[in-house]
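Peer 1: Dropping the structure in here first, questions after.
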Amino acid sequence: MESLSLCKPNLEEFAQTLLALASQNKDILVVTGDSRGSGKLVPFGKTLPAQIVEIGIAEQNLVGISAGLASAGKKVFTVAPACFLTSRSLEQIKNDVAYSDNPVKLIGISAGVSYGALGSTHHSIHDYAVLRAIHNIDIVSPADNFETRKVIEAAVDHPRPIYIRMGKKPMYDLHTPDTRFEVGKAIVLSEGSDVTFLATGEPLSRAVMAAHLLEQEGLSVGVISMHSLCPFDEAAILRAAQHTKVMVSVEEHSVHGGLGSLIASLLMQNGFCPRLKIIGIPDEYTVTGSQKEIFCHYGIIPEGLAETARQTLNAKEN
Amino acid sequence: MDYHELAYKSIQYRRTILRIIKQANAGHTGGSLSCIDILNVLYNHVLNVTPSSFDDPNRDRYIQSKGHSVEALYTVLADRGFFPQEDLENLGRFQSHLIGHPTRKVRGIEQNTGALGHGLSLAVGTALAAKIDSKTYRVYTLLGDGELTEGSNWEAAMAASHYKLDNLIVIVDRNTLQITGRTEDVMSLEPLEDKFRAFGFAIQHVGGHDLPALVKVFEQIPFKPGKPNLVLAHTVKGKGVSFIEDKAHWHHHVPTDEEYRTAQAELDQAERKWQAKHGIVEPL
């Protein structure tokens, strides 16, 4: 745990990366629905005022206009809270972006349960599930500043629509600068024969910490960053399934329709039946509290994940 | 193209619309006949777009928000050479690109529409891109009056005005009918002009089947510099066939064999009247 160093929130990394890219490319536009503050885009607006388009609080129009701009050749980064972007304007995402193949880059900010005690109206624990069911939109959930920077750089010329989601809190550095990043390709941080954690997005750091706890107990533990839910790196999961006893998926999303569901479906259809635990937000009235308290309640913390892995491993051995 | 030629095309377009709907045994008869004269004028007189310039970033754009009237759009695009006329025979067939709402799989179509209340936002974004890039193309979008109850239209109308999109032309096919009945009975739209004016539009009324008037109204764009343009086109749903006109149940009714023969006979008569007046048959 001590080996991880804290870095800035992914949102800040996103905003700084985009400002640098847009300074060199006038076709890059930020389109936002009264979210430049929460999207850390105030410096972008001040530095490149001609490259930020304000739509106001009107998510349907936000996405429809973004699709129109993209159809005319602009590199459009549409920024809004993930909870509203992927529900209020879902039909615009489905039809105007994905079906019409307008390569908008949808940036869902303050995703998952980042808004904490603001409650379920502001949580987005459905977005992977709904977007996975729509053809022609890629889904990436970066875990740290490195993955954030890489996916934003890749998004500029990405040929298809893409949804990128991130939270608000400072992250830990999880990768070295020379790590290879590609949309749709998992990053294997470590391999293990007892337990493999497969995490998407910001909970990856908790999985890394959980792995450290279990390694101190003598277990062999792997960690894989499944930053892309679409395209989904099936090969990485099938490889891991061949050499690990227990798999634990971790996501800041409903346990239905997200990473865990994808893994379970993939494994079953390929003849694997390892012991799998899906850790996320259960199907219930989400407990109230800060993001940290919600994570703690649902076991999305190093100790909780380690305990889940231990119990699952022991149950299998019994 | 002069008005007489446009008028002849309108008759032939109506024949084609009825024929392809009858053949596919599906389609939106009333709305396609309602907007066909508008499309005729746009594609034969107004829009700076041809099959060869369709990939030109400077082309004019047409986005049909009332996507269900796609038979009118297919008919005009085929006539203009965006795709072969014989492709029209594939309407609604298995694995055909010519489905019941516009898709970009069909050359000439800018955006996939069909869910209502989407076209105006798409058009605003496309027009805004022209302003940002200092391009001179214009963006035309056709809205049904029934779809104006979708709130997204008014979000888009606000943005069109905010960004002073005088390169955006919104055409409302005001035939006063939607699938259930009169628009005013389903959900009152009037005073429609006042609503758009309050949202910052410059407005012109026009008879939506009056070809010279349509030509003239589009020649006046921009109606007022710095304001988005609204053409309130007063139309008759099912226009051109007496027993189809102004009847809600013809929204997506497919003519029976008898109705089809009668309808084509009425269009025969319209064509004979045109020939008597102009003395020639203009090949399409």
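Bear in mind these aren't lab numbers, they're just calculated from the coordinates by the rules spelled out. On a predicted model such as this, the values are computed, not experimentally measured, just so you know. Glycine also receives a Cβ, built like all others from the backbone with ideal geometry; neighbour counts cover every protein chain displayed.
Peer 1: Could you work out the relative contact order of the stretch A:179-255, using alpha carbon pairs under 8 angstrom and six or more residues apart, expressed as a whole percent?
Peer 2: Here the relative contact order equals 46 percent.
Peer 1: Using amide H atoms built in the peptide plane, which far-off residues or other-chain residues are under 5 Å from A:MET171 H to H?
Peer 2: Amide H neighbours of A:MET171, under 5 Å, 5+ apart: A:CYS7, A:LYS8, A:ASN10.
Peer 1: Additional query: Which GluC sites (Glu not before Pro) in the stretch A:1-79 pass both tests, a DSSP loop state and at most 12 other beta-carbon atoms within 10 Å?
Peer 2: Listed in order of number, the matching sites are A:GLU2.
Peer 1: Please go through the stretch A:155-222 and write out the GluC sites (Glu not before Pro) that DSSP classes as loop and that have at most 13 other C-beta atoms within 10 Å.
Peer 2: Listed in order of number, the matching sites are A:GLU217.
Peer 1: Taking every residue in B:218-229, how many Cβ atoms of other protein chains lie within 10 Å of its Cβ, on average?
Peer 2: 0
Peer 1: While we're on this one: To the nearest 20 debye, what charge dipole does the stretch A:6-172 have about its Cα centre, counting +1 at the Cβ of each Lys and Arg and -1 at the Cβ of each Asp and Glu?
Peer 2: 260
Peer 1: Using packing as a proxy for protection, rank A:76-88, A:124-136, B:225-237, B:259-271 so that the peptide with the highest average count of other Cβ atoms within 10 Å comes first.
Peer 2: Highest to lowest by the protection proxy: A:76-88, B:225-237, A:124-136, B:259-271.
Peer 1: Using per-residue counts of other Cβ atoms within 10 Å, averaged over each peptide, order A:200-208, A:25-33 from highest down.
Peer 2: A:200-208, A:25-33
Peer 1: Sticking with this structure for a sec: Calculate how many DSSP beta bridges within the stretch B:3-278 are antiparallel, expressed in % of all such bridges and rounded to the nearest 5.
Peer 2: Here the share of antiparallel DSSP bridges comes out near 10 percent.
Peer 1: Using modelled backbone amide H atoms (1.01 Å from N, in-plane), which distant-in-sequence or interchain residues come within less than 5 Å of A:ILE281's amide H?
Peer 2: Close amide H contacts, sequence-distant or interchain: A:HIS253, A:SER254, A:VAL255.
Peer 1: Karplus couplings for the stretch B:63-68 from phi (6.51 cos²θ - 1.76 cosθ + 1.60, θ = phi - 60°), rounded to Hz, Gly and Pro as x?
Peer 2: Residue by residue, the stretch B:63-68 yields 10, 8, 5, 7, x, 5 Hz.
Peer 1: Could you derive backbone 3J(HN,Hα) for the stretch A:213-218 from the dihedral phi with the Karplus parameters 6.51, -1.76 and 1.60 (θ = phi - 60°), listing whole Hz in sequence and x where the residue is Gly or Pro?
Peer 2: 4, 6, 5, 5, 8, x
Peer 1: How high is the relative contact order of chain B, given as a whole-number percent (alpha carbon pairs under 8 Å, six or more residues apart)?
Peer 2: 23
Peer 1: Take every residue in peptide A:71-81, count the Cβ atoms of other chains within 10 Å of its Cβ, and give the average of those counts.
Peer 2: 3
Peer 1: Give me the dipole magnitude in Debye, nearest 20, for chain B about the Cα centre, with unit charges on the beta carbon: positive for Lys and Arg, negative for Asp and Glu.
Peer 2: 440
Peer 1: For A:LYS169, go through the lysines and keep the ones whose alpha-carbon is under 16 Å away, minus same-chain ones fewer than eight residues off.
Peer 2: Filter leaves A:LYS8, A:LYS40, A:LYS292.
Peer 1: Please average, across the residues of B:127-136, the number of beta carbons from any other chain that are within 10 Å of each residue's own beta carbon, and give a whole number.
Peer 2: Partner-chain Cβ atoms within 10 Å, mean over residues of B:127-136: 4.
Peer 1: Once you have the Kirkwood Rh of chain B from its Cα pairs, apply Stokes-Einstein at 4 °C and 1.567 mPa s and quote D in µm²/s.
Peer 2: Approximately 68 µm²/s, per Stokes-Einstein.
Peer 1: When 1/r is averaged over all different Cα pairs and the result inverted, which Kirkwood radius in Å belongs to the stretch B:132-273?
Peer 2: 16.8
Peer 1: Still on this structure, please answer the following. Which residue, chosen from B:THR29, B:VAL41, B:ALA7, occupies the Cα position most advanced towards the positive end of the dipole of the stretch B:1-79, where the dipole is computed from +1 (Lys, Arg) and -1 (Asp, Glu) charges on Cβ about the Cα centre?
Peer 2: Most positive-ward Cα: B:THR29.
Peer 1: Then there is this: Of all DSSP beta bridges located in the protein assembly as shown, what percent are antiparallel, nearest 5?
Peer 2: Within the protein assembly as shown, antiparallel bridges account for around 15 percent of the total.
Peer 1: Further question: Based on Cβ point charges of +1 for Lys and Arg and -1 for Asp and Glu, what charge dipole magnitude is obtained for the protein assembly as shown about its Cα centre, in debye rounded to the nearest 20?
Peer 2: Using Cβ point charges on Lys, Arg, Asp and Glu, the protein assembly as shown gives about 780 debye.
Peer 1: For B:ILE221, B:ILE38, A:ILE109, what's the fewest-to-most ordering of other Cβ within 10 Å of each Cβ?
Peer 2: B:ILE221, B:ILE38, A:ILE109
Peer 1: Also: Please name which of B:THR180, A:THR121, B:VAL124 has its Cα lying farthest along the dipole of the protein assembly as shown towards the positive end, using unit charges on Cβ (Lys, Arg +1; Asp, Glu -1) and the Cα centre as origin.
Peer 2: Looking along the dipole axis, the top candidate is B:VAL124.
Peer 1: At a Förster radius of 41 Å, what calculated FRET efficiency corresponds to the Cβ-Cβ distance of A:CYS273 and B:SER242, to the nearest 0.05?
Peer 2: With a Förster radius of 41 Å, E is 0.05.
Peer 1: With r defined as the distance between the Cβ atoms of B:ARG182 and B:ASN25 and R0 fixed at 25 Å, what FRET efficiency is calculated, to the nearest 0.05?
Peer 2: That gives a FRET efficiency of 0.35.
Peer 1: Name the residue farthest towards the positive end of the dipole of the stretch B:211-271 from the options B:THR235, B:PRO225, B:GLN264, assuming +1 on Cβ of Lys and Arg, -1 on Cβ of Asp and Glu, about the Cα centre.
Peer 2: B:PRO225
Peer 1: Show me, bin by bin at 20 Å from 0, the whole-percent P(r) of the protein assembly as shown based on Cα pairs.
Peer 2: Computed distribution, short to long bins: 20, 43, 27, 9, 1.
Peer 1: Which whole-Hz couplings ³J(HN,Hα) result when phi for each residue of the stretch A:221-238 is put into the Karplus expression 6.51 cos²θ - 1.76 cosθ + 1.60, θ = phi - 60°, listed in order with x for Gly and Pro?
Peer 2: 10, x, 9, 10, 8, 9, 5, 10, 8, 7, x, 9, 7, 5, 4, 4, 6, 5
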